[in-house]
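Working notes, structure below.
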Amino acid sequence: MDLIFKKALPVLETLEQAGYEAYFVGGAVRDYLLKRDVNDVDIATSAFPEEVKQLFRKTYDTGIEHGTVTVRLGDELYEVTTFRTEGKYVDFRRPSEVKFVRSLEEDLLRRDFTMNAIAMDKSGKLHDPFSGELAILRREIKAVGEPEHRFREDALRIMRAVRFLSQLEFTLEEKTRQALKKEVSLLAHTAVERIRVEWVKLVQGKGRVCAFKLIIETCMERYLPGLLDKKEALAKLASFKFPEKPSEDLVWLSLVLAVHPDSVRAFLRAWKLSNQQTKRTEQAYALIQEEKPWTNYKLYQAQIEGIRLVESGKALIGQENDLQVALANYEALPIHARSEMAIDGRFLMAFYEKTGGPWLSELLIEIEQKIVSGELQNQEEAIRRWLLDGKSES
Ligand code: ATP
Ligand code: MG
């Protein structure tokens, strides 16, 4: 058993000693069997949330209405979820209610794919009622139970199937594939926030080309934000040269570089991206589109993260790029932040004996630009002299 599971063993043991059942479940067990890196270990238990909370010193009510309590052990956090079934599904979305149950089998039955419905006990023994291990061996994504029914219960599973296809480089089991094709339009009912999470993992996955192909083949793009009629853009996306591990920023940049939306902002708003993420994407996209070399001031504005994003965006589409040179030029800038300027707003207000206002921020930007571009030395005396003579001349 991996160290990461061993570290979590006391959680299982504590629950068992109190008379409950407890198992490792979900993605952690799947990834362990696949010999992939396991990031977070999820635990399923017969104990109800209140019972879990009584057994551990430090817990957080992360999703208590769905039965999830986060347990802290040392500096590790574990999501401990009560065995549950899912109640009625309304409008092909997440269930409106969950019902806690005391049996592991019932809990595994509500899970999406057989590879995700395997439980592992404290001794490493698997409880695998749907032959998930065999599916992993065959590298197959297979719905638990009747695939059509499962996609109709929660259409996000359609998106998750494609995400796993990319992430794990698996194929879809035939009946699951047929059902996916048939029910793809149900995705229209799924919350964008949930689709977005899967989209990022899909684009980051090594098997993205197969995933994009499947999306195009099933017309799934019609139900993705802003991608109606964008088959060609997706084909273009599939041709991009992605790095080993694309960042989330690059995922969004790749999408706008493929789609070229009239308004990047409106497009990303449809994906419900945060304002910050939208801004970073918009700025990088604009710099790539203008196809001009970096200026000092643009390097200064972009900062290291922005420079990395722009250069990797250029690499995606085969545009000339050189991260090392851009970073070296950035390092050589006279200043890297406004706080490094030799003067500040207070200095300018005292110099002109004026109170603040729009003039002040405009002047600060002008001085900042001159310093960054090397036209003005970053020294109080030089700036004072420029304010006295140079400025009046220009
Ligand atoms: P990852 O490694 O990306 O976290 P994961 O399989 O662990 O993948 P999670 O979203 O963390 O995905 O979900 C944990 C487990 O919960 C899944 O393995 C699966 O058993 C179950 N699950 C998650 N989402 C659904 C869903 N929409 N329908 C049914 N079961 C689900
Ligand atoms: Mg997980």
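Coordinate-derived values only; no laboratory data. Predicted model, so just to flag it, every value in this text is computed and none were measured. Ideal geometry is used to build each Cβ from the backbone, glycine not excepted, and the neighbour counts take in all protein chains shown.
Observations on the structure shown:
- Our summary gives region 73-205 a relative contact order of 21 percent, counting only alpha carbon pairs under 8 angstrom and 6 or more residues apart.
- Helix axis angle, 156-168 relative to the chain longest principal axis, alpha carbon, degrees: 80
- Taking Met115, Met341, Met220, Met349 and counting other C-beta atoms within 10 Å, the order from fewest to most: Met349, Met341, Met220, Met115
- Counting neighbouring Cβ atoms within 10 Å and putting the fewest first, the residues Val251, Val264 line up as Val251, Val264.
- Applying both filters, DSSP loop and at most 10 other Cβ atoms within 10 Å, to the trypsin sites (Lys or Arg not before Pro) of region 7-49 gives Lys35.
- Here the average projected area of the convex hull drawn through the C-alpha atoms of region 206-354 stands at 11.3 nm².
- Using distinct alpha-carbon pairs, which all enter the 1/r mean, Kirkwood radius of region 97-146 in Å: 11.4
- Computed over the chain with a Gaussian network model linking Cα atoms closer than 10 Å, the most mobile of Ala28, Ala211, Ala342 is Ala342.
- Helical contribution to [θ] at 222 nm, DSSP H n ≥ 4, -39,500 (n - 2.57), averaged over the chain, rounded to 500: -15000 deg cm²/dmol
- Put in line by how crowded their Cβ is, counting other Cβ atoms within 10 Å and starting with the fewest, Tyr60, Tyr223 read Tyr60, Tyr223.
- Extension gain for Ala191-Ala337 works out to 48.6 nm (0.36 nm per residue, less the C-alpha to C-alpha distance).
- The chain: radius of gyration and largest Cα-Cα distance (Dmax), Å: 27.0, 85
- Calculated over region 1-138, the projected area of the Cα convex hull averaged across directions stands at 8.3 nm².
- Kirkwood Rh, angstrom, region 139-239 [1 / mean 1/r, Cα pairs]: 13.3
- Each residue of region 15-21 is assigned a 3J(HN,Hα), and the resulting list reads 5, 5, 4, 8, x, 9, 8 Hz, derived from the Karplus form 6.51 cos²θ - 1.76 cosθ + 1.60 (θ = phi - 60°), x at Gly and Pro.
- For trypsin sites (Lys or Arg not before Pro), the sites in region 330-361 that DSSP calls loop and that have at most 13 other Cβ atoms within 10 Å are Lys354.
- Residues whose amide H lies under 5 Å from that of His127, counting only those 5 or more places away or on a different chain, are Ala119, Met120, Asp121; hydrogens are built 1.01 Å from N in the peptide plane.
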